[in-house]
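To start, the structure itself, in structure tokens.
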Amino acid sequence: MHEGKAIDIVKRNGRRPTESYDIEKLHASIVAACLSAQTASGQAESIARAITKDVETWLETRPEVTSHDLRRVAARHLKAHHPDAAYLYEQHRITL
Amino acid sequence: MDIPSSLAIVTLAALIHASFQLSVSVLTLLSGHAIGAKQSQAKVARLTFGFVGGVGVMTLLTLSFISLIFLHVFGPNTPHFVWALVCGLLIGVGLAVWFFYYRRDKGTTLWIPRGMARHLSERSKQTKHTAEAFSLGLTSVLSEILFIAAPMIVSALVLIQLPGMWQLVGIAIYAVISLLTLLSIWILIGSGHKLSDIQKWREKNKHFLQFSAGGALAILGFFVYVCKILSDVAGAA
């Protein structure tokens, strides 16, 4: 877990204020995508834990990332665990 | 124009309306957020039905409003130049749908202002009560008014020529048929189909839906032109 090291998330190419990286927010969004893909609650939590761990490893060398990149990397890891959930996760921003 | 021809035009216009995808996208997002927030299946069904109800009510109100305006302005005998304008509008919107309906990105992103799309997306996430879902349904009809205005206007012009009872029948036919896509999605979600499968189907077939909606608008414009303008001119000669 990232404790002590602050990572900035640049939102929408800087058109919205930059936020600090929030592991809970990432975790919750992956759980929601898994539940939307009809995954059991326990399995959704365990997939989300695995994905946040993978994303944190990727973040270790980066002081600042865009929300788009964060989402892309999370979706890539999620695809290995649950392709349907990864599809919904990716589609969330491009449905409307 | 006789009653069967009038109702045929209303039916085709409503089918075109049903093929537009903004409300379907909002319904898909709303269901995804509700399921993702661990809502019960019954709650998801109530929220989505509230949304479909809102779309239905706003469709009824908008069509009735447009018909009322036309009835006040033109009476039951609409001038030929107005029919010609509406035919042009149908063909123009049909071409615009062919070229601009979907953005050239992955997914099913539509050519609507991004601020409006973000607002609808955020609202679908925040919606927790059936009343909110109902009002989201009302809003989503207004958000796609650019596309649905043409089929609604031609239906309103056709409806105001009919006897009172048939006007009500025509409005009901339009509302029910225009809701068919949403009702199908609602039934699919309620019967446990995967949202990912529904969204994959929509993404895979988006160009077909775009082509058929645009083509049907142009055909409707041509049909109304022949049925109303050419036949009246030939009858007068």
Name the residues in the range A:56-66 that are under 12 Å from the mean Cα position of the chain (by Cα) and either acidic (D, E) or under 21 Å from B:T108 (Cβ atoms) (or both), would you?
A:E56
Residue under question is B:Q39, and the condition is that it be within 21 Å of the chain's Cα centre (by Cα), of a type outside the set (D, E), buried (at least 16 other Cβ atoms within 10 Å of the Cβ) and within 14 Å of another protein chain (Cβ to nearest Cβ); does it hold?
no
Is it true that B:I198 is buried (at least 17 other Cβ atoms within 10 Å of the Cβ), within 12 Å of chain A (Cβ to nearest Cβ) and in a helix (DSSP H, G or I)?
yes
B:G190 versus (1) over 17 Å from B:G56 (Cβ atoms); (2) within 14 Å of chain A (Cβ to nearest Cβ): which is the lone unmet condition?
(1)
Those helices (runs of 4 or more DSSP H) completely within the range B:117-180 that have 1 or more residues that are touching a Phe, Trp or Tyr at 6+ places or on another chain (Cβ under 7 Å) are B:130-143, B:145-159
Can you pull out the residues in the range B:200-227 that are touching a residue at least 24 places away in the same chain (Cβ under 8 Å) and farther than 20 Å from B:A150 by Cα?
B:R202, B:E203, B:K206, B:H207
Elements of type strands (runs of 3 or more DSSP E) in chain A, at least 1 residues being more than 14 Å from chain B (Cβ to nearest Cβ), crowded, with 21+ Cβ neighbours inside 10 Å and polar (S, T, N, Q):
none
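All of the numbers you see were taken from the coordinates with simple rules; none came from a lab. Here the structure is a predicted model, which means the values were calculated and not measured. No Cβ is skipped: glycine too gets one built from the backbone with ideal geometry, and neighbour counts run over all protein chains shown.
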